[in-house]
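Below is one structure, written out as structure tokens; comments come after it.
The values are calculated or read from the model by the stated rules, or taken from the named source; none is laboratory data. Everything numeric in this text was worked out from a predicted model, so none of it was measured. Positions of Cβ are backbone-derived with ideal geometry, glycine not excepted, and every protein chain shown enters the neighbour counts. Quick note on the areas: whole protein, heavy atoms, side chains included, nothing else; ligands and nucleic acids left out. Shrake-Rupley method; radii C 1.70, N 1.55, O 1.52, S 1.80 Å.
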Amino acid sequence: MKKRILAMGIRFLAVVFPLAVAWGQETVTVPRVLVGYPDLIVHNAKIVTMDDPSLQATTGRIVQAMAARQGKILALGTNAEILGLAGPETRRIDLKGRTVIPGMINTHSHMHDHSIRRWTRANQDKILEVQRAFSVTGKDYAELKRGIELVVKEQMARARPGQWAYIELPNGGNAGTGIGVKFLNDKGITHEELNQWAPSTPVFLNSHPAWLLNKSAQTSFLNLYGVDWSEENVDKALTMNTTIRRSLVVDRYFAPRIGEMADLIKDGLEHQAALGLTSFSSHIVGLRIQDAYMKLVRDGQMPIRFGFAQRFCQQVEPDMAGCFMRLGDTAGLGNDYFWNVGVTLGGIDTGPPNICTSMDAAPEYKSKEKCILVPGSEYEKAVAAALRSYERYVVNHVYGDKAMDTFMDTVERVVETTPGITLDYIRSRRLTADHCGFYPRKEQLARIKRLGMVISCDPMFLDRSYPWLKVYGEDKANRIGPNRTMLDAGIMVTAEAEVDVESGTGPTYFAHQIHFLNRKNSRGEPVAPEEAVDRVTLMKMMTTWPSYYLMKEKELGSLQPGKFADFVVLNKDYFAVAEADIPSIFPLLTVLGGKTIVLRKELADEWGTPPVGPQINFEFATKFTAEGGGE
Ligand SMILES: [Zn+2]
């Protein structure tokens, strides 16, 4: 009998406290390695577990203390209960009443891109074999065109073989309202003209979401991935621009320097840990990025966890549908630090004015609309092939509501026509869509819920979409991140941020997300105030629910026995401070799998130990720093 209790004690220590006594008595005869002493106990804290996954505004259990062992949570309870579990080598941390939350999860951020872009900017001299970067501005189309001509004909006159001219035109601070976007959309310069000016130098004109390549650039890009140039292959690489922006430096300069790239990425991830994030999800663009992550995994160096969407079937693949068909179901493959969450084509539209939307607009804008998931298109065939091959489809980027219609049409068509693919099966895969740029509209809610989708929203779109209300109508503000409406309709919503931390400075994660509480953008303009959520709901959007998006709700998202010991100690009580104080909340300590990733000097001084990890100089202003947003 005693033996049985002992075995149960070890296995179920976390839930059956009284057994700890019987168990303690056995330490003489049981080797210590078999005894489940915690290696870490935090106590005297306000530990908000967020262990209630319902769509209600509830925090779940709040406890004083927590014990962890070998990277996982063992038990939660009162100070007395948990301290009673301590063994001779247990590290005890007295948090003096501070608030602890689960490590936060960002459901859309390709932070490796930020790291590489920042490095590229600072190291132009090192990547001359790959590209030279230029910025051309002008007050009208003629000036822009003249500037481009000067770069292509004079600056690039003695270009090295294979060296690209990467030319940025004004895009209006990521909003797509700049003159460069209009210039390219209105064909202020044509593909043929670029070919004449630069017959052998690759030229990339970028003004997101608009772009233009000459034939030399198309050829160079396709050849890099072993694909021959043809009109058809160019057409199929529909979003070549976003791939080029993210992969030229990665797949050319860093290909023989994986270790160097891994160090860069690690540094960026540590900065995210300093924001309080312990997991994130997004796509990978730039094939060798995966190798850098795998190196970090092998070396035990991942500062946070990454559930990545597989995108290689889209980047340059002339047969996307076939690629997905051969790939099969990979969601869940990987390890605790780097695992696959499904497959993706990246975006299913781009940004205004090119979004796929049911919203009406003046003809000059409506004519720019691009829907890519139309029946019979390469993209539609590819999504259908992925679903029919039992893949979990992750829509990384959607801006307009009609793009969501076309996606859901595709899913339903596959369910209707494919034996073995049922609605219940689709629901179990939790298909996702990100950003909430201008969707969903009210009529889509029931369908999103019926398909069991999880929706990830970024408050940055309160900024990015706002100027476009003038084009699509002020009454469309309630389509920008309508979190309240989605939750009321029974749809699980998560918070994302394509936020970057530049050179050790930047806003806190809370400064980014507070816009979902106050529904004001960073210019202070109200955006559908009725869509505001309360702070507990926002915390669930940042912790509990994202674990479902990442298909790891048994391991992540809340503080419960058996889950990873990923947690954050905050400088202030998020649940009690005045709303105006929320942007100034940041982590003093970020722990991943029981291991300290970031320890702020403020707390380190109190403990008399050295600080650990990046010490970000936080700016509490609620402004958005993210670039990209392209996908
Ligand atoms: Zn993105």
**OP:** Mind checking which lysines have their Cα closer than 22 Å to the Cα of LYS153? Skip sequence neighbours fewer than 8 apart in that chain.
**Re:** LYS139, LYS145, LYS187, LYS215
**OP:** Give the residue from CYS436, ALA384, ILE421 lying farthest towards the positive end of the charge dipole for the chain; charges sit on Cβ (+1 for Lys and Arg, -1 for Asp and Glu) and the dipole is referred to the Cα centre.
**Re:** ILE421
**OP:** List the relative contact order of the range 561-621 as a percent without decimals, with contacts defined as Cα pairs under 8 Å and 6+ residues apart.
**Re:** 27 percent
Original post:
Once you sort the root eigenvalues of the Cα gyration tensor of the range 265-368 as a ≥ b ≥ c, which label holds: rounded (a/c under 1.5), prolate (a/b larger than b/c) or oblate (the other case)?
Top reply: oblate
Subject >> Cα-derived Rg over Rh, computed across the range 64-147 with Rh taken as Kirkwood radius >> reply: 1.40
Original post:
So, in Å, what gap is there between the alpha-carbon centers of the range 105-131 and the range 306-343?
Top reply: 22 Å
Subject >> Alpha carbon convex hull of the range 398-533, volume per residue in cubic angstrom >> reply: 118 Å³
**OP:** Whenever you get a sec, line up TYR225, TYR337 from highest to lowest accessible area (probe 1.4 Å, protein heavy atoms).
**Re:** TYR337, TYR225
Original post:
Cα to Cα, under 21 Å, and not fewer than 8 places away if on the same chain: which lysines meet these conditions relative to LYS623?
Top reply: LYS520, LYS572
Subject >> For the range 167-175, Karplus couplings with θ = phi - 60° (6.51, -1.76, 1.60), whole Hz, Gly/Pro x >> reply: 10, 8, 10, x, 10, x, x, 6, 7
**OP:** Taking every pair of Cα atoms in the range 343-438, average 1/r, invert it to obtain the Kirkwood radius, and report Rg/Rh to two decimals.
**Re:** 1.00
**OP:** Filter the GluC sites (Glu not before Pro) in the range 113-176 down to the DSSP loop ones having no more than 12 other Cβ atoms within 10 Å, then list what survives.
**Re:** GLU129
Subject >> Descending semi-axes in Å of the range 521-631, equivalent ellipsoid built from Cα gyration tensor >> reply: 26, 21, 15
Original post:
How large is ³J(HN,Hα) for each residue in the range 398-405, as worked out from phi by the Karplus curve 6.51 cos²θ - 1.76 cosθ + 1.60 (θ = phi - 60°), to whole Hz, x for Gly and Pro?
Top reply: 9, 10, x, 5, 5, 4, 5, 4
**OP:** Determine, for each peptide in 373-386, 412-425, 475-488, the mean count of other beta carbons within 10 angstrom over its residues, then list the peptides with the highest first.
**Re:** 475-488, 373-386, 412-425
Original post:
Measuring from centroid to centroid over Cα atoms, what is the spacing of the range 244-286 and the range 198-233 in Å?
Top reply: 24 Å
Original post:
How long, wide and thick is the range 399-469, going by the Cα atoms along their three principal axes, in whole angstroms, largest first?
Top reply: 45, 18, 15
Subject >> Value at 222 nm in deg cm²/dmol, rounded to 500, when DSSP H runs of n ≥ 4 in the chain each add -39,500 (n - 2.57) >> reply: -9000 deg cm²/dmol
Original post:
Taking a 1.4 Å probe, which of LYS402, LYS554, LYS368 shows the most accessible area, and what order do the others take after it?
Top reply: LYS554, LYS402, LYS368
**OP:** Would you mind computing, in nm to one decimal, how far apart the modelled labels at LEU333 and LEU128 are, each placed 7 Å from Cα along Cα→Cβ?
**Re:** 4.2 nm
**OP:** Starting from the Cα of LYS266, draw a straight line to each of the lysines and keep only those under 19 Å, dropping any in the same chain fewer than 8 residues away.
**Re:** LYS295, LYS595
Original post:
Counting only residues 5 or more places away or on other chains, whose amide H sits under 5 Å from the amide H of GLU619 once H atoms are built in the peptide plane?
Top reply: GLY506, THR508
**OP:** With a ≥ b ≥ c taken as the square roots of the eigenvalues of the C-alpha gyration tensor of the range 186-345, please select rounded if a/c is under 1.5 and otherwise prolate if a/b is larger than b/c or oblate if it is not?
**Re:** prolate
Subject >> Probe 1.4 Å - accessible area at TRP211, Å² to nearest ten >> reply: 80 Å²
**OP:** Please list, in chain and number order, the residues 5+ apart from ARG69 or on another chain whose amide H is under 5 Å from its amide H, with Hs placed from the backbone.
**Re:** ASP39, LEU74
Subject >> Using alpha carbons only: equivalent-ellipsoid semi-axes of the range 125-273, gyration tensor based, whole Å >> reply: 26, 19, 16
Original post:
FRET efficiency for GLU525 and ALA86, Cβ-Cβ distance as r, R0 = 56 Å, nearest 0.05?
Top reply: 0.60
Original post:
What is the Cα centroid distance between the range 496-545 and the range 152-184, reported in whole angstrom?
Top reply: 32 Å
Original post:
If you average the sequence gap of Cα pairs under 8 Å that are 6 or more apart and divide by the length of the range 31-124, what percent do you get for the contact order?
Top reply: 32 percent
Subject >> Computed over the chain: relative contact order in percent, which uses C-alpha pairs under 8 Å that are six or more apart >> reply: 16 percent
Original post:
Just for the chain, what percent of DSSP beta bridges are antiparallel, to the closest 5?
Top reply: 40 percent
Subject >> Global geometry of the range 39-185, whether rounded, prolate or oblate, following the gyration tensor of its Cα atoms and the 1.5 cut on a/c >> reply: prolate
**OP:** For the range 127-271, build the charge dipole from Cβ charges (+1 Lys, Arg; -1 Asp, Glu) around the Cα centre, then report which of THR242, GLY188, PHE254 sits farthest towards its positive end.
**Re:** GLY188
Subject >> Translational diffusion coefficient (Stokes-Einstein; Kirkwood radius from C-alpha pairs) of the range 447-527 at 10 °C, 1.306 mPa s, in µm²/s >> reply: 115 µm²/s
Original post:
Accessible area, 1.4 Å probe, largest first: how do THR350, THR242, THR137 sort?
Top reply: THR137, THR350, THR242
Original post:
Plugging the Kirkwood radius over Cα pairs into Stokes-Einstein for the chain, at a temperature of 10 °C and a viscosity of 1.306 mPa s, what D comes out in µm²/s?
Top reply: 62 µm²/s
Original post:
At 10 °C and 1.306 mPa s, what whole-number value in µm²/s does Stokes-Einstein give for the translational diffusion of the range 451-609, with Rh from the Kirkwood sum over Cα pairs?
Top reply: 92 µm²/s
Original post:
Any idea how far apart ARG257 and ARG326 come out in nm if each label point goes 7 Å out from Cα toward Cβ?
Top reply: 3.2 nm
